[in-house]
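The structure appears below as C-alpha cells.
The values are calculated or read from the model by the stated rules, or taken from the named source; none is laboratory data. Please read all numbers here as calculations on a predicted model, not as lab measurements. No Cβ is skipped: glycine too gets one built from the backbone with ideal geometry, and neighbour counts run over all protein chains shown.
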Amino acid sequence: METNNATCWVVADPGWGSAVVAAQFAALRGARVRVCAQADSLPQEVLAGKGTVIAMTAAALRRCDWRLLKRCVEAGATVHVSRFEQALEHSLQPFVDGRFRIESRTDIRSFRLCDAATLPQALRGEELPAGGAAAVAVGLNGHCRTLMAAEQGGSRAPALFRLECGAGAVIYDPNSGADETGNPIVERLATPRGILAGTGALVAANLANQRRWQAPTSFNITIDDRPANFDYLGPFRLKALLEHFNAHYPGVHLDLAWTPEHVHVSRRYVDLVRRCGGGFVWHGFHRHVDHRTLADPANELRRGQALVEEIARRFRVQFQKVMVFPYERTSWDLLARLEKAGFIAVTECAAARPEAELGVPPFMRRSIPTHFVPGLGIPVLRRYPVAALNRSTLLALAALGHPIIAMAHPLDLALRRFALGQGPGRALGHFERLLEFASHKGLRPASLEEIASGLPQA
Ligand SMILES: [Zn+2]
C-alpha cells in the first residue's frame with residue numbers, strides 16, 4: 001500500500017465527521033492521519049508546510065490559532081475546510097480579506113468541473129447531472145478560484161473553490177459530507193454525488209502528495225492465451241482487431257499473455273504485435289494449468305525460462321517480467337517465487353481477492369491500484385474485464401490516477417480458432433467505450449511493465 005511523508009491533521013471539533021472525508025483521501029494517497037483534539041491544539045508540526053493537510057470544519061477554522069495556520073499554508077500546506085453553517089457569514093481570513101455565504105440550492109441541474117490544473121486531468125471539464133440539492137458559495141471575491149460550479153437556471157455558482165496563499169492552498173468544500181465515509185472511495189467517485197462530495201478532499205490529498213498525480217492516467221489492454229500454437233487464421237483476425245483499436249486510439253498499447261509452452265506460433269502474428277508496439281507477458285510458468293496444483297513449481301519456472309529464451313531468439317521479442325497466472329489461480333508462495341526470480345509485477349482481476357480487501361479499511365477497499373498482499377515486494381496490479389469498465393468506473397479510476405488495465409480473452413474478440421465467420425461481438429463495443437474515454441481524457445497507453453514501474457513505492 002502506498003505510503004509517503006505527508007501528514008493529515010484532522011481537527012476533531014464538534015461536527016468533524018465532514019473532515020473525515022479529507023482524511024480518508026489523504027490516507028488513500030499514503031499520508032499518516034493524526035487527530036488534534038480541538039482547533040486550538042494544532043501542533044507546531046503543521047509548520048512543516050508541504051506534505052501537510054489540515055482537515056477542519058468552518059467552525060474549527062474560526063477558533064484555531066490564525067497566525068499558526070496562515071504560516072503553515074504559506075509554507076506549502078493545504079487546508080481542507082468543510083461544514084459551513086448557512087446562518088453565518090464566513091470570512092476568508094486569516095488568508096485574505098473577503099467574506100462569503102453558503103446557501104443550499106435544490107434546483108441544481110448539473111455540476112461542471114472547471115478546467116483547473118489543480119483538478120485531476122480526467123475530471124477537468126466534466127459535466128455531471130445534479131440529482132439533488134447542493135451547497136453553493138455567494139459573494140466570493142477575485143482571490144477565489146472555482147473548481148466546481150453548480151448550474152441553475154442558466155447561471156453558475158461555485159460549489160467548490162480554492163484560495164492560494166504563499167506556497168499552499170485552502171480548499172473550501174461546502175459539499176463534503178460524512179454520509180458515505182463507510183463506502184469504498186472508488187465506488188463513491190463512480191457517482192455524480194460522490195464526485196460532488198469527494199473532489200475537494202481528493203484535490204487536498206493530491207496537493208499534499210507532491211503533485212505526482214498530475215501525470216495522465218495510463219491504460220493498457222491485455223489479451224490472455226495468445227499467441228497460441230497452430231493458430232493459423234489468427235493473424236488475419238489480429239490485424240483487423242489492431243486496425244480497429246488504432247482507428248479509435250492511435251498508438252493504443254496491447255499486451256498479449258503468452259504461455260511459454262506455445263512455441264509453435266505464427267511468426268506473422270508475433271510480427272504484427274511487434275510492429276504495432278505491442279508486448280508480451282508471461283501466462284504461466286510453463287504450461288496453462290492451475291499453478292496451485294504444481295508438484296515442482298521451481299522446475300516448471302526453469303523450463304518456462306528456457307522456452308522464453310528460445311522464443312526470444314526465434315521471434316526477436318522480449319517477454320516483460322510480468323505474470324498473468326492461468327485462471328488467475330495463485331498462492332502467496334507462487335507470488336514470492338516470482339519476486340525472487342526478478343519479476344516486477346503480477347496482474348489479477350480487480351475483484352479476485354475479496355478476502356484481502358478485509359485487510360484494509362472499508363473506505364480503501366478496491367480503491368488502491370494494487371491488491372493488498374502483505375509481505376510481497378512486487379505489486380499485484382488490478383485489471384478489469386472490459387465489460388466491467390463502464391464510463392462511471394473509468395471516470396472514478398482515472399480521477400484517482402489509477403492505471404486502467406482492461407483484459408479480454410480471445411473468445412471475447414473472435415480471435416479464437418474455429419471462430420471464423422463470427423463477428424467481433426459485443427466486446428469490441430466495450431473496447432470502443434474504453435478507447436473513446438482514453439482518447440477524450442488523454443490517457444497514456446502503457447505496457448504492464450511501464451505501469452508497474454510507474455507505481456508509487458510501497
Ligand atoms: Zn488463460
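Values computed for the structure shown
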read-out: Any hit, the stretch 395-410, residues being within 16 Å of the ligand (Cβ to nearest atom), on the phi < 0 side of the Ramachandran plot and modelled with pLDDT under 85; value: yes
read-out: Residue, modelled with the highest pLDDT, within the stretch 261-285, restricted to residues that are under 22 Å from Ile344 (Cβ atoms) and more than 16 Å from the ligand (Cβ to nearest atom); value: Gly279
read-out: Meets criteria (more than 16 Å from the ligand (Cβ to nearest atom) and either touching a strand residue (DSSP E or B) at 6+ places or on another chain (Cβ under 8 Å) or outside any helix (DSSP H, G or I) (or both)) for Phe230; value: yes
read-out: Filtered residue count, the stretch 299-314, keeping only those that are more than 18 Å from Lys340 (Cβ to Cβ) and free of Cβ contacts under 8 Å to residues at least 40 places away in the same chain; value: 3
read-out: Flag for Thr181 being within 25 Å of Leu394 (Cα to Cα), modelled with pLDDT under 95 and not aromatic (Phe, Trp, Tyr); value: yes
read-out: Ala312 under 30 Å from Val20 (Cα atoms) and not in a strand (DSSP E or B); value: no
read-out: Residue list for the stretch 286-324, restricted to those being within 16 Å of the ligand (Cβ to nearest atom), within 22 Å of Val270 (Cβ to Cβ) and touching a helix residue (DSSP H, G or I) at 6+ places or on another chain (Cβ under 9 Å); value: His286, Arg287, His288, Phe319, Val322, Met323, Val324
read-out: Pick from the stretch 371-399, criterion crowded, with 22+ Cβ neighbours inside 10 Å and free of Cβ contacts under 8 Å to residues at least 40 places away in the same chain, ranking: farthest from Leu128 (Cα to Cα); value: His371
read-out: Subset of the stretch 236-260 that is charged (D, E, K, R) and away from the ligand (no atom under 16 Å from the Cβ) - its residue that is surrounded by the fewest Cβ atoms within 10 Å (Cβ to Cβ); value: Glu243
read-out: Answer from Gly194, Gly251, Gly284, Gly177 - the residue that is small (Gly, Ala, Ser), under 20 Å from Arg365 (Cα atoms) and part of a loop (DSSP other than H, G, I, E, B); value: Gly177
read-out: Extreme residue, nearest to Gly401 (Cα to Cα), among residues of the stretch 22-45 that are buried (at least 24 other Cβ atoms within 10 Å of the Cβ) and touching a strand residue (DSSP E or B) at 6+ places or on another chain (Cβ under 7 Å); value: Ala26
read-out: Filter result (more than 33 Å from the chain's Cα centre (by Cα) and surrounded by 15 or more Cβ atoms within 10 Å (Cβ to Cβ)) within the stretch 64-92; value: Cys64, Asp65, Leu68, His90, Ser91
read-out: Hits in the stretch 326-351 - residues which are touching a Ser or Thr at 6+ places or on another chain (Cβ under 9 Å) and within 16 Å of the ligand (Cβ to nearest atom); value: Pro326, Glu328, Arg329, Val346, Thr347, Glu348
read-out: Set Ala345, Ala336: member being among the small types (Gly, Ala, Ser) and touching an Asp or Glu at 6+ places or on another chain (Cβ under 8 Å); value: Ala345
read-out: Flag if Pro192 is over 30 Å from Thr330 (Cβ atoms), modelled with pLDDT under 90, touching a strand residue (DSSP E or B) at 6+ places or on another chain (Cβ under 8 Å) and more than 16 Å from the ligand (Cβ to nearest atom); value: no
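Okay, residues lined up against (1) touching a residue at least 24 places away in the same chain (Cβ under 8 Å); (2) of a type in the set (Lys, Arg); (3) in contact with a Phe, Trp or Tyr (Cβ under 7 Å, 6 or more places away or on another chain):
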{"residue": "Gln38", "(1), (2), (3)": "yes, no, no"}
{"residue": "Val96", "(1), (2), (3)": "yes, no, no"}
{"residue": "Asp115", "(1), (2), (3)": "no, no, no"}
{"residue": "Pro120", "(1), (2), (3)": "yes, no, yes"}
